[in-house]
1. So which aspartates and glutamates pass the test for residue 146, namely a Cα distance under 12 Å, with those fewer than 8 places away in the same chain ruled out?
2. Can you show me the helix-derived [θ] at 222 nm for the chain, built from DSSP H runs with n ≥ 4 at -39,500 (n - 2.57) apiece and divided by the number of residues, rounded to the nearest 500.
3. Compare the Cα positions of 202, 121, 162 along the charge dipole of the stretch 101-205 (+1 at Cβ of Lys, Arg; -1 at Cβ of Asp, Glu; about the Cα centre) and return the one farthest towards the positive end.
4. Could you tell me the relative contact order of the stretch 13-125? Use alpha-carbon pairs under 8 Å, at least six residues apart, and round to a whole percent.
5. Given the peptides 23-35, 57-69, arrange them by the average over their residues of other C-beta atoms within 10 Å, most packed first.
6. Under a straight-distance cross-link criterion of Cα-Cα below 13 Å, which aspartates and glutamates are reachable from residue 61, leaving out those fewer than 8 residues away in the same chain?
7. Counting every Cα pair in the stretch 1-108, what percent are over 19 Å apart?
8. As a quick test, which of the pairs 6/191; 88/117; 175/195; 6/175; 45/116 have an alpha carbon distance above 20 angstrom in this structure?
Amino acid sequence: MNKADKHSLVRKRILDWYEENKRDFPWRKSSSPYQILVTEILLQKTIALNVSNIYSAFFTKYKDFSEIFNADITKLQSDIKGLGLSNKRAQILKDLSQMIITEYDGKIPQEPEILKKINGIADYVSNAYSCFGLNNRTLFFDVNIKRFIQRVLKPQDMKVKNDIIYTELDKLLPKMDFKDMYWAILDFGSKICSKNNPKCELCPISDKCLYFSLPVS
Ligand code: SF4
């Protein structure tokens with residue numbers, strides 16, 4: 001099997017697994033760029049379940065960037081305290097809201113790179129927003145996506161460079177269903193290919209995984 005066939009097979013099996021096992025998070029059904037961008041900030045450095053627990057109350061209270069901009073920051077911190085890092089996270093939301101309200105007339109700038117002017121917003125959030133909020137096939141990864149790609153495709157190269165991860169991710173992402181593929185990898189990393197004790201015995205791609213084929217040391 002050549003490498004292109006391998007990427008295509010892994011893609012298909014992971015998407016098939018996702019159809020049966022996907023996690024049901026409200027932000028995946030949202031078409032609001034505001035909610036999608038704010039959610040990516042809320043999801044940083046916490047587990048998705050924590051965000052799910054506050055999602056409805058948060059967006060009922062803060063319906064747009066002007067409501068965050070006008071909010072008392074201590075109230076905002078309190079409303080997101082269940083996520084951890086609430087002071088830092090609230091400051092990012094306040095700074096972002098200020099930029100959008102005062103410089104962009106309340107509209108999210110068309111160029112997601114501009115979001116990185118905000119201290120605390122980096123490549124992952126701006127590219128994830130571009131993907132999920134604007135439907136662009138952007139490349140981005142967090143530790144969970146990186147772990148999956150590294151295990152399946154590059155297990156012996158533990159210092160694998162980011163540009164190699166980007167190259168492999170680009171080969172793995174479909175042209176159309178790229179959002180589903182990202183969600184599939186994230187859910188697969190949470191349920192099967194976890195950081196500690198991956199459930200290789202339940203894995204639909206174990207016969208294609210280089211980590212699984214490594215000799216036990
Ligand atoms: Fe992850 Fe194990 Fe599956 Fe490889 S075989 S992708 S390490 S769960």
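1. Cross-link targets: 163, 168.
2. -18000 deg cm²/dmol
3. So the residue we want is 202.
4. Numbers: 77 pairs, mean separation 27.2, N = 113.
This gives 24 percent for the stretch 13-125.
5. Order by mean packing, descending: 57-69, 23-35.
6. Cross-link targets: 72, 79.
7. Working: 3018 of 5778 pairs.
Above the 19 Å cut-off, the stretch 1-108 has 52 percent of its Cα pairs.
8. Working: 6/191 22 Å; 88/117 16 Å; 175/195 28 Å; 6/175 16 Å; 45/116 17 Å.
Going by Cα-Cα distance, 6/191; 175/195 fall outside the 20 Å limit.
Each reported figure results from applying straightforward, stated rules to the coordinates on display, with no laboratory input. On a predicted model such as this, the values are computed, not experimentally measured, just so you know. Please note: Cβ atoms are built from the backbone with ideal geometry, for glycine as well, and neighbour counts cover all protein chains shown.
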